[in-house]
1. Hey, if you drop one equal point scatterer on each alpha-carbon of the chain and run the Debye formula without solvent, what base-10 log of I(q)/I(0) do you get at q = 0.06, 0.09, 0.10 Å⁻¹?
2. So what's the back-of-envelope 222 nm ellipticity for the chain, counting only DSSP H runs of four-plus at -39500 (n - 2.57) apiece and dividing by all residues, rounded to 500?
3. Show the residues, 5+ positions off or on another chain, whose built amide H is closer than 5 Å to the amide H of N445.
4. Points 7 angstrom from Cα along the Cβ direction at R411 and W48: gap in nanometres?
5. Rounded to whole Å, give me the distance from the Cα center of the range 265-337 to that of the range 197-235.
6. For the range 201-279, max minus min Cα coordinate along each principal axis, in Å, sorted largest first?
7. Looking at the chain, send over the antiparallel percent of its DSSP beta bridges, to the nearest 5.
8. Go through the range 337-412 and name the trypsin sites (Lys or Arg not before Pro) that are in a DSSP coil and have 15 or fewer other Cβ atoms within 10 Å of their Cβ.
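No value in this document is a laboratory result; all are computed from the given coordinates. Only a predicted model underlies this, so the values are computations on that prediction, with no experimental measurement involved. Glycine also receives a Cβ, built like all others from the backbone with ideal geometry; neighbour counts cover every protein chain displayed.
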Amino acid sequence: MKDKLFSYIDNAEALAVELETEMCKRPAVAPESGGEGELDKALWLESWLKERGFPFERIDIKDERAKGGVRPNLIVDVHAACSGEYKITSLHSRPEGTHVHAACSGEYKITSLHSRPEGTHVHAACSGVGSGRSEHKSPGVLWIMCHLDVVPPGEMSLWDNDPWTVLRKNDGPLGPRLIGRGVEDNQQGLTSSLIAAMAFKQTGLVPGFQVKLLFCADEECGSTYGMAALLKECPGLFNKDDFVLIPDGGDIRGETIQISEKNLLWLEFSTKGKQAHGSRPDLGANAHLAGAELAVRLHSELDTVFNDRDPLFEPDYSTFQPTKKTSNIPNINTIPGDDYFCMDMRILPRYPIQLVLKEIDRIKAEVETKHKVTISYKAAQQVESQATPEDSPLVSMLSAAVKEIYGTSTRPVGVGGATVGSFLRKKGIHCVVWSRIDDTAHQPNEYTLITNILGDAKVIALLMLGTSKNPV
Ligand SMILES: [Zn+2]
């Protein structure tokens, strides 16, 4: 069974190049980064999926700034495509075209996808796969989640070729690579997951789980029109027993499985003092001096209070860094009455953000008294994350699959935060970020290795099949 899938994937290089090339031609850059959004890319993918008989749904989130006024999110039902079961759900039988703008019109509420009775999607019995996995709980739906959007190319002179035209080069020890904006982030994952899905479709095999691909909008700019909107607008889309693989981060050997993020806290501090002549600080209250002291004290004292270490993370401690600073007065000989700076804090998940804020308030009050200023702050981002357990069946299944395909032993890691996975983990859904990549995302001459696209497709196919330990 596996051999059939692997042999399809081994011969899928042309498909990988086609998918990467066509997606790259349709720059899905967010409006705030000067782009039109994901519509063209989504429409192309839709026609590709339709031609190959994959049922899908598009959930549009309204965004007037984007082409078509929407940010599209695509859901592809891989299991249904292979088993033919989709015909019985209204999701796939409703009139052509109703999926367009479904989210905007509220129509999604009437689709069976979000309202069908609990359990109707469980189908392992039909395929005869998955029954040997009794030592673990089975996932409700196995999601492979990628994002459609890409970041802008940045400084064009740093590119050796047009970032929107895929260039194939065979210049390294690891075989051919494809160069272009988005080919790794996140089209490698997208391509791998589509090839894995095609492997099932073409060989007539049925995945061992309900398997769905989710291609989200707006990941690069905070997921407001992507994952965050989906969770809000379609509360029934995910279930607690779902598993989610996000092939959108990793390392060159594919050995790290991200299961956790540090809590993220971005604060903007505004200090109000009293402006005075540079020669008479005694008549003023130096807001910059107060702000600077606050920044230094927050950096050093929070470090001391929240000083635990956790080897899951790199660095293995919480970080409290002053970052953005706006200019205040244009001249040197004035005591400034206003100050503004920001702190970027990445806190080990064991420390609730409220506890950190309490400590910040204590230090802030002392600085206010000392410098006779008032300081206010607001959070630009505040995300408390929950880890996927290290012993999650998703982690062990993925680990076994990576070992089988790449011969690599994996290890769980945490990251500085906050990834799109935190939205799901907060809901208690097991979710891991993994892929084998050279980590060229967001760089000029971004590239992806074809061996990684196909290797990751095999890992994903094994996950879809059940567990690679199963003699299926
Ligand atoms: Zn990405």
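1. So the normalised log intensities work out to -0.31, -0.66, -0.78.
2. On the way: 15 runs with 154 residues, N = 472.
Helix contribution divided over all residues of the chain: -9500 deg cm²/dmol.
3. D160
4. My value for the distance between the label points is 3.6 nm.
5. Cα centroid to Cα centroid, the span is 42 Å.
6. Projected onto the principal axes, the Cα atoms of the range 201-279 cover 83, 37, 22 Å.
7. 70 percent
8. On the way: sites: R346, R350, K358, R362, K364, K370, K372, K378, K403; in loops: R350, K372.
Sites meeting the loop and neighbour criteria: R350, K372.
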